[in-house]
Amino acid sequence: MSKARLRIAGGAVYDPANGTEGAVRDVCIEDGRIVAELPREAPKLDARGMVVMPGGVDIHSHIAGSSVNHGRRLLPEEHAADPAPAPRLADPDATPRSGTGGTIPSSFTTGYRYAGLGYTTAMEAAVAPLAARHAHCELDDTPIIDAGLFALLGNDDYLLRQIAAGEAARARDYAAWVLSAAGGYAIKIVNPGGVERWKAGGRNVTGLDDAVGTDAVTPRRILETLADAANALELPHPVHIHCNNLGQAGNAATTLETMRALAGRRAHFTHLQFHSYGGERGKSWKSAAKEVIEHVNAHPEVSADVGQVMFGPATTLTADAPVEYLLHASSGKRWVNVDIELETGCGIVPYSYKEQAAVAALQWAIGLELFLLAQDPWRVVLSTDHPNGGSFLSYPELIRLLMDRGYRDERLKQVNQKLVAGSALADGLAREYTLSEIAIVTRAGPARLLGLSDKGHLGVGADADVTIYANDPDRAKMFATPRHVIKGGVVVVEEGQLRRAPTGRRLRVQPGYDRAVTRDLKRWFDGHACVAFENYPAVELGA
Amino acid sequence: MSDVVTLALRTAPAGALELAAVTPDRLAQLAQREIAALPVRHGGRAAALGDFFVVQGERAARVRLEGDLRLAEGLGAAMTGGELLVEGHAGRDVGVAMAGGTIEVRGDTGDNAGGALPGAARGMVGGEIVIRGNAGDDAGARMRRGLVVVTGNAGQGTGRGMIAGTAVVFGETGSDAGRWTKRGSIVACGPVARPATFRYACTYRPPHVRLLLLYLRERRGLDVADRWITGRYDRYCGDLAELGKGEMLQWAGE
């Protein structure tokens, strides 16, 4: 099938970014882009009776890099249990690759499975800049999907020094330089200050005003500095924040304080579910989803992805090493602590969320509460923080939970009731997501939050990333097995079979910065770093 | 229902042919057509057993494989019962993580026969593997229970990290045998490169070795020399870098 032209004919189109909600119309593609019209003789794909949406966009996922690869090394039994044979591609010259699945699939399998799910763009959400080269190499081996990576900042020595010295401008120039050098797309902050303090032999921070090394550096100052930097640099995506105190009972207070600290600044709060717990640390757990989502609802500069927990196997994997250490200590499960020598940290613990476990059931319920109480789907989008809350392969099941109240209530009855009782979900949330809202939280919303103007919609000039679903009343089945997926105008999934695997693009930004920072940075590298300044960038820096 | 399921290699594989699906306990449940449709992987691509083998018989827990299977991997992996007979050489991972039943290979095997899956804490947990030929490296690695017998030579790391169980080698045993062994027995009728962390205990005529070798001669039809059955053995305890409750029994003469 030629890449040049294709008319997707007669499908019900869900393109919320352009105000289309199920209207039956043709979608025309030429040279990898959406066009207004095609000549009558252009090749046609019959989509009558089907649902046509833009390709899925995952705003937060862990699919490449040092941490992910250490996770794979930690999970050999998953590889034995889920071998992934090479697909049979249509092009005899293409080289399909076999691999392994499980919660952290191998790189090729990750690309194939994302595409098989109708997703055409994904963001690797945590890359240590010093290990960015590794992440790029893996993304080079992750076919089909367009991908970008978020560079970890906020626990790195040079930045903290600039904050201590009150050098906000230099901190901003440094952030811009790191982002460019890492070939990154956005700035990611993980447990600001907490990882650094823990690495230095102290305890994790517990609040926004704990001193990190010196009183002049606090989580609050780190957050303000980087949020201001991202907004001043006019990055397409604002700071992507993983708050302090992840996974702790009572952490909703910290989350709300963080949101207030950044009041008026654009900021994205990731895997919000893991930060919306009430109760008291070490004593009690309850849902604080309502308080957190009400703040999000009332503040249009704030956005979030949910980080839903799904029952079944998962691998918790985060730059927040102190949290993973706690999880390892409390669960007794194996762990690894890696990237600790880099500008950040990382801990990994294989995990399983069980329906009969009280806390897991509460986490599951809190995620659903956030979804169902969010007023603006454009700002509260879908993620499972793959593979932390569950694999991206569980998105279809999550979509069914959102769209089908009867099914959701049935599932709610099957989980441990100890902590769930009394939550908003148990009190009965009637909302059911519409197909249009699903299209927002899985593609249009993430694309808009990421500032990807060519993705997440089907307007003229957009990337020709299109997913076509059979309109099955079982929404889990519908979203698990798209009939056709088109990526950049190439039909990659045909009649439910993966048939082509083109190379995806890398999404990156190159913000401008004052070159003066590089002279100071070079001095710092000469004195403190393990690599030469010149060798640090993972990608070619523009002149 | 038949006495035996015979799988005769029809098409020689060009690369690794992963046959972990071929276990007697599974074949005992399946009709001929279902057996031929069992999933295998050839060079990483999905294929069916019938693409490579002519299947005769069905629903039998005795399985015979014919042909040059040096590229076949994982025969009898994790099997829990039944009999698997390989009439010729076999590739790596024969009986890996096996739990019960018997495997006999009338030829050489590749590495990791009766061993463990990558990263697994334990390998074989039961059953018997008899290799009438040479074994590659890591035969019986991380074994928890069961018996691995090699009538020829064994490569490096035989019984590596054994938790318990028995490995017997009639020929030469390569280096690192029994390294990191907790418990278990390695019986070496020929020369063995013993790690320095095994300590000499005594020389005696162990009754359990005599019983074991008589069993192998009488019941399994192996060619076991009288001098091994009645002879003296040097007993070494190890691995002292681990629990140290394992033993290596090296034949020391008549």
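So here's what we get for this one:
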quantity: Qualifying residue in the stretch B:33-43 (condition: part of a loop (DSSP other than H, G, I, E, B), more than 14 Å from chain A (Cβ to nearest Cβ) and without any contact (Cβ under 8 Å) to a residue 40 or more places away in the chain); calculated: yes
quantity: Filter result for the condition that a residue is surrounded by fewer than 24 Cβ atoms within 10 Å (Cβ to Cβ), without any contact (Cβ under 8 Å) to a residue 40 or more places away in the chain, touching a Ser or Thr at 6+ places or on another chain (Cβ under 6 Å) and among the hydroxyl-bearing types (Ser, Thr, Tyr), over A:Ser98, A:Ser106; calculated: A:Ser106
quantity: Any chance B:Glu73 is away from chain A (no Cβ under 14 Å) and among the acidic types (Asp, Glu); calculated: no
quantity: Residue in the stretch B:111-129 that is in contact (Cβ under 8 Å) with a residue 60 or more places away in the chain and part of a loop (DSSP other than H, G, I, E, B) present; calculated: no
quantity: Filtered residues of the stretch B:130-155 (kept if in a loop (DSSP other than H, G, I, E, B) and either at pLDDT below 95 or hydrophobic (A, V, I, L, M, F, W, C) (or both)); calculated: B:Ala139, B:Ala141, B:Met143
quantity: Wholly within the stretch A:427-540, helices (runs of 4 or more DSSP H) carrying at least 2 residues that are touching a residue at least 24 places away in the same chain (Cβ under 8 Å) and crowded, with 22+ Cβ neighbours inside 10 Å; calculated: A:435-439, A:445-450, A:475-480
quantity: Of the criteria (1) assigned to a loop (DSSP other than H, G, I, E, B); (2) away from every other protein chain (no Cβ under 14 Å); (3) in contact with a helix residue (DSSP H, G or I) (Cβ under 7 Å, 6 or more places away or on another chain), which one A:Asp91 fails; calculated: (3)
quantity: Residue match in the stretch B:101-118 (condition: within 14 Å of chain A (Cβ to nearest Cβ) and more than 16 Å from the chain's Cα centre (by Cα)); calculated: yes
quantity: Which numbered condition B:Glu172 misses (of (1) surrounded by fewer than 22 Cβ atoms within 10 Å (Cβ to Cβ); (2) touching a residue at least 12 places away in the same chain (Cβ under 8 Å); (3) within 14 Å of another protein chain (Cβ to nearest Cβ)); calculated: (3)
quantity: Selection from the stretch A:410-426 of residues that are of a type outside the set (D, E, K, R) and either assigned to a loop (DSSP other than H, G, I, E, B) or at pLDDT below 90 (or both); calculated: A:Val415, A:Asn416, A:Gln417, A:Leu419, A:Val420, A:Ala421, A:Gly422, A:Ser423, A:Ala424, A:Leu425, A:Ala426
quantity: The stretch B:148-162 - residue that is touching a residue at least 60 places away in the same chain (Cβ under 8 Å) and of a type in the set (A, V, I, L, M, F, W, C) and, of those, nearest to B:Gly190 (Cα to Cα); calculated: B:Val149
quantity: Some residue of the stretch A:143-162 being within 30 Å of A:Tyr395 (Cβ to Cβ) and surrounded by fewer than 21 Cβ atoms within 10 Å (Cβ to Cβ); calculated: no
quantity: Of all residues in the stretch A:71-88 being surrounded by fewer than 19 Cβ atoms within 10 Å (Cβ to Cβ) and not in a strand (DSSP E or B), the one that is farthest from the other protein chains (Cβ to nearest Cβ); calculated: A:Asp82
quantity: Residues of the stretch B:192-212 that turn out to be within 23 Å of B:Arg160 (Cβ to Cβ) and touching a residue at least 24 places away in the same chain (Cβ under 8 Å), as a count; calculated: 11
quantity: Of all residues making up the stretch B:36-63, the number that are among the basic types (Lys, Arg) and crowded, with 20+ Cβ neighbours inside 10 Å; calculated: 1
quantity: Residue list for the stretch A:383-409, restricted to those being outside any helix (DSSP H, G or I) and under 24 Å from A:Glu324 (Cβ atoms); calculated: A:Ser383, A:Thr384, A:Asp385, A:His386, A:Pro387, A:Asn388, A:Gly389, A:Gly390, A:Ser391
quantity: Per-region count, the stretch A:4-19, residues surrounded by fewer than 20 Cβ atoms within 10 Å (Cβ to Cβ), part of a strand (DSSP E or B) and of a type outside the set (D, E, K, R); calculated: 2
quantity: Residue within the stretch B:48-55 that is within 14 Å of another protein chain (Cβ to nearest Cβ), over 16 Å from B:Thr23 (Cβ atoms) and acidic (Asp, Glu) present; calculated: yes
quantity: Among the residues listed as A:Val466, A:Val539, A:Val491, A:Val517, the single one being in contact with a strand residue (DSSP E or B) (Cβ under 6 Å, 6 or more places away or on another chain) and of a type outside the set (Lys, Arg); calculated: A:Val466
quantity: Residue satisfying condition, being within 19 Å of the chain's Cα centre (by Cα), of a type outside the set (Asp, Glu) and buried (at least 24 other Cβ atoms within 10 Å of the Cβ), within set A:Leu393, A:Leu362, A:Leu382; calculated: A:Leu382
quantity: Residue match in the stretch A:54-63 (condition: in a loop (DSSP other than H, G, I, E, B) and within 14 Å of chain B (Cβ to nearest Cβ)); calculated: no
quantity: Residue tally, condition farther than 15 Å from A:Ala361 by Cα and part of a strand (DSSP E or B), over the stretch A:265-291; calculated: 5
quantity: Breaking point among (1) more than 30 Å from A:Gly422 (Cβ to Cβ); (2) touching a Phe, Trp or Tyr at 6+ places or on another chain (Cβ under 6 Å); (3) not hydroxyl-bearing (Ser, Thr, Tyr), for A:Ala314; calculated: (1)
quantity: Subset of the stretch B:9-27 (residues that are out of contact with any Lys or Arg (no Cβ under 6 Å at 6 or more places or on another chain) and either within 14 Å of chain A (Cβ to nearest Cβ) or farther than 14 Å from B:Leu65 by Cα (or both)); calculated: B:Pro13, B:Ala14, B:Gly15, B:Ala16, B:Leu17, B:Leu19, B:Ala20, B:Ala21, B:Asp25, B:Arg26
quantity: Filter result for B:Arg59 (part of a loop (DSSP other than H, G, I, E, B) and either of a type in the set (Phe, Trp, Tyr) or farther than 28 Å from A:Pro76 by Cα (or both)); calculated: yes
quantity: B:Asp3 farther than 28 Å from B:Asn153 by Cα and in a loop (DSSP other than H, G, I, E, B); calculated: yes
quantity: Conditions (1) modelled with pLDDT of 95 or more; (2) touching a Lys or Arg at 6+ places or on another chain (Cβ under 9 Å); (3) more than 14 Å from chain B (Cβ to nearest Cβ): number failed by A:Cys137; calculated: (2)
quantity: Flag for B:Ala46 being over 26 Å from B:Met124 (Cα atoms), without any contact (Cβ under 8 Å) to a residue 60 or more places away in the chain, touching a Pro at 6+ places or on another chain (Cβ under 6 Å) and not in a helix (DSSP H, G or I); calculated: yes
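The values are calculated or read from the model by the stated rules, or taken from the named source; none is laboratory data. Model, not experiment: these values are computed from the prediction. Glycine also receives a Cβ, built like all others from the backbone with ideal geometry; neighbour counts cover every protein chain displayed.
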